[in-house]
Amino acid sequence: GQVCTWDVFQNACLILFLNKSDLFYDKIKTTEIRDDSTGRFVDYAGGLCTCRGTSADPCTCGTRERAVDYFLFKFMVRNEQNREIFHHVTCATDRSNIEVVFRACQSVILRDNLIGSGFN
């Protein structure tokens, strides 16, 4: 979240990569995000993912989406200057996922450079 306040990024949009989604999806099947014993993430109420199958299979219980939304929210609330932030949930070993994310990032960078050059 501190990155949002750095002066060097004052006029830039940010791209947040939530990487290793496969490991995260597997982890939330066995480990609670909320940890009352340590006081970490005590405001999370999503519970464990009850879906069967692998991390590549669709989530039918909604836990993955709630968990990703929770961590995205934790980052976004630190964006006190309301910078434009694009986010992508990624798995670096998933070639098609990385290609989609790469193209989306190219579009954002190109758009900002064109605007910065006076081409609206």
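The GluC sites (Glu not before Pro) of region 1-80 meeting both criteria, a DSSP state outside H, G, I, E and B (loop) and at most 14 other C-beta atoms within 10 angstrom of the site's C-beta, are Glu32, Glu80.
Let me know the Kirkwood hydrodynamic radius for region 11-120, please, with Cα pairs as the basis and the value in Å to one decimal.
16.0
Using a Gaussian network model of the chain in which every pair of alpha carbons under 10 angstrom is joined by a spring, one finds that among Val100, Val42, Val89 the greatest mean-square fluctuation is at Val42. Here's the picture: charge each Lys and Arg Cβ at +1 and each Asp and Glu Cβ at -1 in the chain, and of Ile98, Tyr44, Gln10 the one pushed furthest to the positive end of that dipole is Ile98. Overall, the chain carries a charge dipole of about 140 debye about its Cα centre when +1 sits on the Cβ of Lys and Arg and -1 on the Cβ of Asp and Glu, all other atoms neutral.
Working from label points 7 Å from Cα in the Cα-to-Cβ sense, the Cys61 to Ser37 distance is 2.0 nm. The portion of the accessible surface of the chain made up by carbon and sulfur, rounded to a whole percent, is 54 (1.4 Å probe; DNA, RNA and ligands excluded).
Restricting region 35-75 to trypsin sites (Lys or Arg not before Pro) that sit in a DSSP loop and have at most 10 other Cβ atoms within 10 Å of their own Cβ leaves Arg52. Tell me the angle of helix 95-116 to the major Cα principal axis of the chain, expressed in degrees between 0 and 90 and rounded to the nearest ten. On a 0 to 90 degree scale, this one is about 30.
List the relative contact order of the chain as a percent without decimals, with contacts defined as Cα pairs under 8 Å and 6+ residues apart. Relative contact order for the chain comes out at 35 percent.
The angle separating the long axis of helix 63-76 from the principal Cα axis of greatest extent in the chain is about 40 degrees.
The values are calculated or read from the model by the stated rules, or taken from the named source; none is laboratory data. What you see is a predicted model; the values in this text were computed from it and never measured. Heads up, the Cβs are rebuilt from the backbone with ideal geometry, glycines too, and the neighbour counts pull from every protein chain shown. The accessibility values were calculated without ligands, DNA or RNA, using every heavy atom of the protein model including side chains. Shrake-Rupley method; radii C 1.70, N 1.55, O 1.52, S 1.80 Å.
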